[in-house]
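Following: one structure in structure tokens, then a few remarks.
The values are calculated or read from the model by the stated rules, or taken from the named source; none is laboratory data. It should be emphasised that the depicted structure is a prediction, and the values quoted were computed from it without experimental measurement. Every residue, glycine as well, gets a Cβ built from its backbone with ideal geometry; the counts of neighbours run over all protein chains shown. What goes into the accessible areas is simple: the full protein's heavy atoms, side chains included, and nothing from ligands, DNA or RNA. Shrake-Rupley method; radii C 1.70, N 1.55, O 1.52, S 1.80 Å.
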Amino acid sequence: MTGRIRNHKSLKAVLLALALVLGACGEDKQSAGRPRPPTENEPPVVATVPVEPVPQTPAPKAHPVTAKTKETYQWYCAQCHGVKGKGNGINAPHTAVPPRDHTKAAYLETRSDEQLFHVIKFGGLAGGRAPCMPRWGHTLDDDMIHSLVNYIRELCHCEAL
Amino acid sequence: MTTTTPFSRRFLFGALLLLPLLTGIGKAHAGPDVASLVENGCDACHRLEASIPEEGRKGPDLFFSGNKFQKQWLLNWLQSPQPVRPSGYTSDPGFLEGKPTVAVPHPAADAPEAQALTEALMQMKVEGLETAPPEVAEPLSKGLRFKIKILFERDYGCIACHQTVNLVGEPRGGVSGPTLLNAGDRLQAEWVYNWLKTPARFEPKSRMPVFDLTEEERIQLTRYVMWHKTEKEEK
């Protein structure tokens, strides 16, 4: 009787562990220390999360990149995306999915400004991306997020196709 | 403070200059006795009063130490300080390279000094914190812990910045935030509960995003953080 309860418990633990391994943000054993470079058109990491409809946002060029934008990027984003946006911040070796390289035009061309805005505001999970990308909507206002999108466009020297 | 630490003399000098100013503030507010902290030069890097400007801080604020820390942890840590933030305090010039430059190693005190410093720090409190519900102190069952782990690692991605314990008890996680591996020895549950809702109250310039947690999530994450002790009561 107790044996059965035990089994039941450990099965539950295994299932939970599985859920974590599949969807969590921490480094896993295989990839620890050598982050896998993101490939172009990489499929969403968390495939089970439905992509929310992309909200309509005003014309982004109304939010120029200022010294404050770059400061904000250095303060909050660089800890994962790196000082130059190359995806090699101090946390990068410890995240299951590497932070995006913001200088990589080939990938960022495939993403619209609205999609980038959405992921920054609501987080990776809400945008069909990895949960290691936090949501910044309670920290930064929309104007700042728009100007960060423009800054990322400067870093990649690219526009959405 | 051991006189052999290279910067204790430097900071003693700075402290002497600031002494009249700070003791003045202390008296005006009839607050805790910060004299032992000032004598030891702690104020060269830490704010001991909320009224001191934020600019130029080299270490985390200590004016709410009595709300934040566990007394025993302070007493031990001040005698043999180990890094809490693997990349240093957020203002450290080496932070974004993950190579802290300030207070490496942190100044250490001998036992009687540590005792006096701990007494002073534990008196330093801020008023008006939200009272945490009693659940935050209850031990966490394994099942619930795994559930909250998903919240911590997947829903909010906290592990991208904070070291915690994985399923087989090994440390893992990012290095930009303070380690949480011994958070249950170091922090007070009520402080964690308050931090999760109003971090700006304790750190006006954090690098951590602000989260809009539900009350249940806030309680669960507090319990999960507090579960991380050096000696865990396995359940």
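Numbers for the structure displayed
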{"item": "Unmet criterion (only one of (1) surrounded by 19 or more Cβ atoms within 10 Å (Cβ to Cβ); (2) over 19 Å from B:A116 (Cβ atoms)) for B:F63", "result": "(2)"}
{"item": "Failed condition for B:P199, given (1) out of contact with any helix residue (DSSP H, G or I) (no Cβ under 9 Å at 6 or more places or on another chain); (2) at positive phi; (3) surrounded by 15 or more Cβ atoms within 10 Å (Cβ to Cβ)", "result": "(2)"}
{"item": "Failed item, numbered, when B:D155 is tested on (1) within 8 Å of chain A (Cβ to nearest Cβ); (2) within 19 Å of the chain's Cα centre (by Cα); (3) not hydrophobic (A, V, I, L, M, F, W, C)", "result": "(2)"}
{"item": "Tally, over region A:125-161, of residues that are surrounded by fewer than 19 Cβ atoms within 10 Å (Cβ to Cβ), under 30 Å from B:F152 (Cβ atoms) and more than 14 Å from chain B (Cβ to nearest Cβ)", "result": "1"}
{"item": "Residues that are of a type in the set (D, E, K, R) and open to solvent by 30 Å² or more (accessible area, probe 1.4 Å), drawn from region B:209-229", "result": "B:D212, B:E215, B:E216, B:E217, B:R223, B:K229"}
{"item": "Subset of region B:196-206 that is at pLDDT 95 or above and part of a loop (DSSP other than H, G, I, E, B) - its residue that is farthest from B:V136 (Cα to Cα)", "result": "B:S206"}
{"item": "Single condition A:E71 does not satisfy, out of (1) among the acidic types (D, E); (2) at pLDDT 85 or above; (3) more than 16 Å from A:M144 (Cβ to Cβ)", "result": "(3)"}
{"item": "Selected residue [under 22 Å from A:W75 (Cα atoms), among the aliphatic types (A, V, I, L, M) and either under 18 Å from the mean Cα position of the chain (by Cα) or modelled with pLDDT under 95 (or both)] from B:V102, B:V34", "result": "B:V102"}
{"item": "Within region B:76-195, helices (runs of 4 or more DSSP H) holding 2 or more residues that are under 13 Å from B:V225 (Cα atoms) and either in contact (Cβ under 8 Å) with a residue 40 or more places away in the chain or open to solvent by 20 Å² or more (accessible area, probe 1.4 Å) (or both)", "result": "B:142-150, B:183-186"}
